[in-house]
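S.K.: Quick one: structure below, then a few questions.
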Amino acid sequence: MPPRLIAVSNRIPTGSPSSGGLVVALRDALSASGGLWIGAHPDPGTGLEEMEEVSGGGCRCLAFRLSEEEISDYYLGYANSVLWPLCHRRVDLVEMPSTYEERYRAVNARVAKLIAQVARPDDLIWVHDYHFFPLASELRALGLANRIGFFLHIPFPSLGDLSVLSQPEDFADWLADYNLLGLQTRGDVARCLEMYRADPRAEFMPDGTVKMQGRITSVRSFPIGIDVDHFRELAGVGGRNPFGREAPDGFVIGVDRLDYSKGIPNRFRAFGRYLKTRPEGTRPCLVQIAPPTRERVQAYQDITSELEEIAGRLNGAFAELDWTPIRYIHRSIDRSVLARLHRMARACAVTSLADGMNLVAKEFVAAQDPEDPGVLILSRFAGAAEDMTEALLVNPYDIEEMAAAIHQALEMPLDERRARHAACMEVVRRTDATRWAAQFLAALRTCMPTLSPQVARLSSSHRRHRAVPDEKPDRVDEPLK
Ligand code: ADP
Ligand code: G6P
């Protein structure tokens, strides 16, 4: 029997359609090890000192409740109004009331205590995403010496942007308590190592790991993927035409949470530019599915208004009585309908200004008929672009270039579409969700074990009470793998 796996993420599987590849990937690993998944209950509550079993996702899930204040300050506040914009190169959107950070630290400390109640000494603990950067430090402070891995689903922030945090040095310190730090791309790894290179407490070891005040962390990229066969199956299932009698001639699809990092306003502008110069007689559509997300945060309210304004203006300018060029749906839709839409689309526009990976890009490629595939237009700022180099790569700040890419995608000859699709599909298969999870866990199992619980506790409280960093260690400043 492999060691038990405990996965921790703020959002846990609830059986809802948008749970996606992460759930599938972890569910397999969790059920193979008899493990459990811990995360926030979807509803706020007051029973903060215990966890409850929730059903969903085909694995054992334990949920902790967040109070209304914690949702405001930890989830909408520090996680999504400080760390999210920071990691997505939007420090101009960072909001910093002191209660955000206090509550973020407090929730991490509380969740660590709840995990410590159920964790066994040989469990592997796999923490996901920016809601829980300090979780390993809190677990170490409680004396846990388990192997703890962290995977960051979003971009790693740049060194300069990290200065926006009230105590930037804590960030590197939090991450140093993980045995394995998994990032999406090689670019993310480079940014993370740059942070450690600039930190006088960090030392680079000859095997590529980072040593900081006695703790050794391995930093590697593990590009996340999707459950390819399942998505292909969904896309291929017959059923009624989702458009009914309103089917467009040919359409470009966009599918994103309505997040400012996705570059949707520029996508609309580029489509508008394309409409102006499109070949005579064509009446293409942009079908944009953009469900609301984090709606109480001002920046999300602003992007919603901006998009409505642009869609209204462009439709006003170009629509005809029997043709609406932009079909914008501000709701979530059923995953099987989504997969069918991908298969019917002639192109997909992924125009993120910053994105960890972008699973929609992989889902679009997986959904295609290889004999007559649509074309992926992909922002060079999405993690997916690092490997999917045969997509039509675009700069999402350049409206003209994107308009030209839409034209190129819609006019592309069949041979070229097939060749580009085959190359992208090879990447989608090579990085599928199951392999992603298996590779991360294999790497975590081989990490150097951490100190014993007693030493872990001592060393953690020692660091907490030190006002100055350790003496500068000898450094190896060579680039690492
Ligand atoms: P992010 O994680 O930033 O939202 P990704 O593209 O990596 O972006 O992942 C989004 C996931 O959510 C994909 O699996 C996508 O299919 C799913 N999704 C996005 N919009 C919808 C929607 N309207 N309905 C159902 N699923 C959606
Ligand atoms: C991104 C993040 C996830 C988050 C998801 C949806 O994918 O990496 O951690 O769960 O967005 O955001 P939400 O705020 O609705 O959980």
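The values are calculated or read from the model by the stated rules, or taken from the named source; none is laboratory data. Model, not experiment: these values are computed from the prediction. Please note: Cβ atoms are built from the backbone with ideal geometry, for glycine as well, and neighbour counts cover all protein chains shown.
S.K.: Please report, ordered by residue number, the helices (runs of 4 or more DSSP H) entirely within the range 157-207 with at least 3 residues that are among the basic types (Lys, Arg).
M.R.: 186-197
S.K.: Another question, if that's okay. Kindly indicate whether Thr351 is in contact (Cβ under 8 Å) with a residue 60 or more places away in the chain and among the hydroxyl-bearing types (Ser, Thr, Tyr).
M.R.: yes
S.K.: Please list, ordered by first then second residue, the pairs with beta carbon atoms under 8 Å, 6 or more apart or interchain, first in the range 6-23 and at pLDDT below 80, second away from ligand 1 (no atom under 14 Å from the Cβ) and polar (S, T, N, Q).
M.R.: These pairs meet every condition: Gly15/Ser55.
S.K.: Failed condition for Asn358, given (1) farther than 23 Å from Arg90 by Cα; (2) surrounded by 22 or more Cβ atoms within 10 Å (Cβ to Cβ); (3) within 13 Å of ligand 1 (Cβ to nearest atom), with all others met?
M.R.: Of (1) farther than 23 Å from Arg90 by Cα; (2) surrounded by 22 or more Cβ atoms within 10 Å (Cβ to Cβ); (3) within 13 Å of ligand 1 (Cβ to nearest atom), only one is false for Asn358: (1).
S.K.: Which condition from (1) surrounded by fewer than 22 Cβ atoms within 10 Å (Cβ to Cβ); (2) within 16 Å of ligand 2 (Cβ to nearest atom); (3) over 19 Å from the mean Cα position of the chain (by Cα); (4) within 29 Å of Leu444 (Cα to Cα) is the one that Ser72 breaks?
M.R.: Every condition holds for Ser72 apart from (4).
Here's the yes/no breakdown for (1) polar (S, T, N, Q); (2) within 22 Å of Ser98 (Cα to Cα); (3) crowded, with 19+ Cβ neighbours inside 10 Å:
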{"site": "Ala112", "(1), (2), (3)": "no, yes, yes"}
{"site": "Trp126", "(1), (2), (3)": "no, no, yes"}
{"site": "Gly182", "(1), (2), (3)": "no, no, yes"}
{"site": "Ala198", "(1), (2), (3)": "no, no, no"}
{"site": "Met205", "(1), (2), (3)": "no, no, no"}
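S.K.: Would you check which residues across the range 264-296 are buried (at least 20 other Cβ atoms within 10 Å of the Cβ), of a type outside the set (Gly, Ala, Ser) and within 16 Å of ligand 2 (Cβ to nearest atom) and list them?
M.R.: Answer for the range 264-296, where residues must be buried (at least 20 other Cβ atoms within 10 Å of the Cβ), of a type outside the set (Gly, Ala, Ser) and within 16 Å of ligand 2 (Cβ to nearest atom): Ile264, Ile289.
S.K.: Test Pro242 against the stated conditions and say whether it is part of a loop (DSSP other than H, G, I, E, B), surrounded by fewer than 21 Cβ atoms within 10 Å (Cβ to Cβ) and within 16 Å of ligand 2 (Cβ to nearest atom).
M.R.: The answer is no for Pro242.
S.K.: Here is a check on your reading of the model: is Ala349 among the hydrophobic types (A, V, I, L, M, F, W, C) and touching a helix residue (DSSP H, G or I) at 6+ places or on another chain (Cβ under 8 Å)?
M.R.: Yes, satisfied.
S.K.: Of everything in the range 268-279 that's among the charged types (D, E, K, R) and in contact with a helix residue (DSSP H, G or I) (Cβ under 7 Å, 6 or more places away or on another chain), which residue is farthest from ligand 1 (Cβ to nearest atom)?
M.R.: For the range 268-279, the residue satisfying everything is Arg273.
S.K.: Is there a residue being more than 16 Å from ligand 1 (Cβ to nearest atom), basic (Lys, Arg), under 17 Å from the mean Cα position of the chain (by Cα) and assigned by TED's automatic domain parsing to the domain that holds Arg120 anywhere in the range 131-142?
M.R.: no
S.K.: Output the residues belonging to the range 81-90 that are over 15 Å from Phe171 (Cα atoms) and crowded, with 23+ Cβ neighbours inside 10 Å.
M.R.: Ser81, Pro85, His88 - these are the residues of the range 81-90 that are over 15 Å from Phe171 (Cα atoms) and crowded, with 23+ Cβ neighbours inside 10 Å.
S.K.: Give me the residue from the range 317-355 that is near ligand 1 (Cβ under 9 Å from one of its atoms) and hydrophobic (A, V, I, L, M, F, W, C) and, out of that set, surrounded by the most Cβ atoms within 10 Å (Cβ to Cβ).
M.R.: Val350
S.K.: Quick check: is even one residue across the range 246-254 part of a loop (DSSP other than H, G, I, E, B), at pLDDT 95 or above and either closer than 19 Å to Phe381 by Cβ or within 14 Å of ligand 1 (Cβ to nearest atom) (or both)?
M.R.: no
S.K.: While we're on this one: Identify the single condition in (1) within 16 Å of ligand 2 (Cβ to nearest atom); (2) small (Gly, Ala, Ser); (3) assigned to a loop (DSSP other than H, G, I, E, B) that Ser261 does not satisfy, given that it satisfies every other one.
M.R.: Tallying (1) within 16 Å of ligand 2 (Cβ to nearest atom); (2) small (Gly, Ala, Ser); (3) assigned to a loop (DSSP other than H, G, I, E, B), Ser261 fails exactly one: (3).
S.K.: Condition (residue is among the basic types (Lys, Arg), surrounded by 14 or more Cβ atoms within 10 Å (Cβ to Cβ) and assigned to a helix (DSSP H, G or I)) applied to the range 27-37: is it met by at least one residue?
M.R.: Within the range 27-37, one or more residues are among the basic types (Lys, Arg), surrounded by 14 or more Cβ atoms within 10 Å (Cβ to Cβ) and assigned to a helix (DSSP H, G or I).
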